[in-house]
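> Input: one structure, supplied below.
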Amino acid sequence: MWTTTTIDDLRTRRRALTGTVAFVPTMGALHAGHVSLIHAAKQLADHVLVSVYVNPTQFGPSEDLTKYPRTLKEDMELCEAAGAAGVFRPGDQVMYPQQIACEVNVPQLVTMLEGEHRPGHFAGVCRVVAKLFNMVQPDVACFGRKDFQQLKVIEAMTRDLAMPIRIVGCPTLRDPDGMAMSSRNRYLTPDTRKRGLGLFKALSEARAMVEEQGETDPAAVEGVMHTVLASHKVAIDYTVIRHPQTLAAIDCIEPALTGGVVALVAGRVDDVRLIDNMILAER
Ligand code: PAF
């Protein structure tokens, strides 16, 4: 497996690859969820390229950019063991060598939910992902469904800008207790982890209400998710039921919604922010 830090070298190596390329963009601190993305990518193309870059433009001023875990050596070992052909790990000077001149915006999707609680976050995500796509030139790119709204934003961006890249959403990996895997879980203590499990419990309650008890009122399900999170002492940002494509609010969880609905939750345990989601009533 090769690694490179420059765009010129990446392009030379990319051109030398015959066949198709699947891309897994990451911010490092890799865990089994990322490994599963690389494995999924391997099924979709002849070669897998991974990027490791902690993108400063998607962090707000009071967020965890400086303490974001950086575990490059272990990341490289995981990428190699998972079968990546190469890793692009640029520095800030490579990604942002001059003042930013261009915005990529997906207005319908970026001001709600994560966008409301993390203003500017998706502008940073779109900027870096568009740049990485231009640098790597993949045929297909894999993203975790754990960041559900991010996946929808990137799908919309590639569709709208006619980028010739297939976007594939991959399942969220969970620990045996149900906790969604995330690089930020490293910040959790045994106590905050127990409280953070409230997100999975809230989503599981929502699933039981909709799929077993036949509840069709989104407000009722949202209320129960709120209660579960509050009982776990999570400082709640949102507990919502939304349309799984548009992320718009819905009036009723109707059987006609063949893609089901998505339940999304977010909140903080002490200073650790956690998000999770689940598709409910998919037919
Ligand atoms: O999901 C992430 O890890 C990041 O948001 C991404 C897509 C690598 C962009 O920095």
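> Among 1, 27, which is within 15 Å of the ligand (Cβ to nearest atom) and either more than 24 Å from residue 166 (Cα to Cα) or not polar (S, T, N, Q) (or both)?
27
> Go through (1) acidic (Asp, Glu); (2) in contact (Cβ under 8 Å) with a residue 60 or more places away in the chain; (3) within 13 Å of the ligand (Cβ to nearest atom) for residue 75 and report which single condition fails.
(2)
> Same structure again: Could you tell me which residue of the range 111-134 is farthest from residue 28 (Cα to Cα), considering only residues that are among the aliphatic types (A, V, I, L, M) and within 13 Å of the ligand (Cβ to nearest atom)?
Result: 123.
> Give the number of residues within the range 57-72 that are free of Cβ contacts under 8 Å to residues at least 40 places away in the same chain and within 18 Å of residue 95 (Cα to Cα).
Residues that pass the stated criteria total 2.
> Residue 240: open to solvent by 10 Å² or more (accessible area, probe 1.4 Å) and outside any loop (DSSP other than H, G, I, E, B), yes or no?
Yes: the conditions hold for residue 240.
> Just checking, which of 12, 20 is in contact (Cβ under 8 Å) with a residue 60 or more places away in the chain, among the polar types (S, T, N, Q) and away from the ligand (no atom under 16 Å from the Cβ)?
When all the criteria are applied, what remains is 20.
> Further question on the same structure: Scan the range 243-260 and report the pairs whose first residue is open to solvent by 80 Å² or more (accessible area, probe 1.4 Å) and whose second residue is at pLDDT 95 or above and of a type in the set (Lys, Arg), with Cβ atoms within less than 9 Å and a gap of 6+ or a chain change.
245/152
> Restricting to the range 37-81, count the residues that are more than 17 Å from residue 120 (Cβ to Cβ) and either of a type in the set (A, V, I, L, M, F, W, C) or open to solvent by less than 50 Å² (accessible area, probe 1.4 Å) (or both).
Here the count works out to 21.
> Can you name every residue in the range 184-227 that is over 30 Å from residue 66 (Cα atoms), among the hydroxyl-bearing types (Ser, Thr, Tyr) and open to solvent by less than 50 Å² (accessible area, probe 1.4 Å)?
Scanning the range 184-227 gives a single hit, 204.
> Among what's in the range 141-183 and is more than 28 Å from residue 202 (Cα to Cα) and touching a Phe, Trp or Tyr at 6+ places or on another chain (Cβ under 7 Å), pick the residue that is surrounded by the most Cβ atoms within 10 Å (Cβ to Cβ).
Filtering the range 141-183 for residues that are more than 28 Å from residue 202 (Cα to Cα) and touching a Phe, Trp or Tyr at 6+ places or on another chain (Cβ under 7 Å), the one surrounded by the most Cβ atoms within 10 Å (Cβ to Cβ) comes out as 141.
> Moving on. Of the conditions (1) assigned to a helix (DSSP H, G or I); (2) within 13 Å of the chain's Cα centre (by Cα); (3) within 11 Å of the ligand (Cβ to nearest atom), residue 143 clears all except one; give me its number.
Exception for residue 143: condition (1).
The values are calculated or read from the model by the stated rules, or taken from the named source; none is laboratory data. These numbers were taken from a predicted model, which means no experiment stands behind them. Please note: Cβ atoms are built from the backbone with ideal geometry, for glycine as well, and neighbour counts cover all protein chains shown. Heavy atoms of the whole protein, side chains included, go into the accessibility calculation; ligands, DNA and RNA do not. Shrake-Rupley method; radii C 1.70, N 1.55, O 1.52, S 1.80 Å.
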